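S.K.: The structure's right below; bear with me while I get my questions together.
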Amino acid sequence: MAFNRTTNRNAGRSNDNNRSQTRASGQGTNPPQRSTPTDKMLSYARKIAEELGEDLPQEVEKSFDACRAFIDANADSIPPTEKQLAFAERLADSSGEDIPADVLASKRKLSAWLDERAGS
């Protein structure tokens, strides 16, 4: 069977063109930046604000970055649920381990603490 150089050269160009089109359309490895928060982010930010007894700042509802910053700054301020505390106490009692005070004060930190121990 004869080797066809033209077909092989064109096949390579076709792949290069496809990669360029993918990058140009934003479907490559770097997705386009969001300017507004996702519905899930907003829902979580509203829940945090409610639990803190605060109004959610307008900027948080409009800006992805402001929403992310609000969540990051305030998520550790949410206290754990009674169920989380009870489960953590049972795990700590059975292992003879103390739960750090900062972990007991934060829903997110206690959740991480539980995840680490529940699997072991």
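The values are calculated or read from the model by the stated rules, or taken from the named source; none is laboratory data. Here the structure is a predicted model, which is why all the values come from computation and not from measurement. When we count neighbours, we look across all protein chains shown, and the Cβ atoms used for this are built from the backbone with ideal geometry, even at glycine.
S.K.: Where the second residue is not in a loop (DSSP other than H, G, I, E, B) and not polar (S, T, N, Q) and the first is over 10 Å from Cys67 (Cα atoms) and lies in segment 35-47, which pairs have Cβ atoms under 8 Å and are six or more apart or on separate chains?
M.R.: Sorted first by the residue in segment 35-47, then by its partner, the pairs are Ser35/Phe64.
One line per residue, one yes/no per condition, for (1) crowded, with 16+ Cβ neighbours inside 10 Å; (2) over 22 Å from the mean Cα position of the chain (by Cα); (3) of a type in the set (Val, Ile, Thr):
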position	(1), (2), (3)
Ser43	no, no, no
Ala49	yes, no, no
Gly53	no, yes, no
Gln58	no, no, no
Ala73	no, no, no
Glu97	no, yes, no
Ala101	no, yes, no
Gly119	no, no, no
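S.K.: Which pairs have Cβ atoms under 8 Å, sit 6 or more apart or on different chains, and link a residue in segment 102-120 that is free of Cβ contacts under 8 Å to residues at least 24 places away in the same chain to one that is assigned to a loop (DSSP other than H, G, I, E, B) and not polar (S, T, N, Q)?
M.R.: From residues that are free of Cβ contacts under 8 Å to residues at least 24 places away in the same chain, there are no pairs.
S.K.: Determine which member of the set Ala112, Ala88, Ala69 is in the same structural domain as Ile48 (by TED's automatic domain parsing), part of a helix (DSSP H, G or I) and of a type outside the set (Lys, Arg).
M.R.: Ala69
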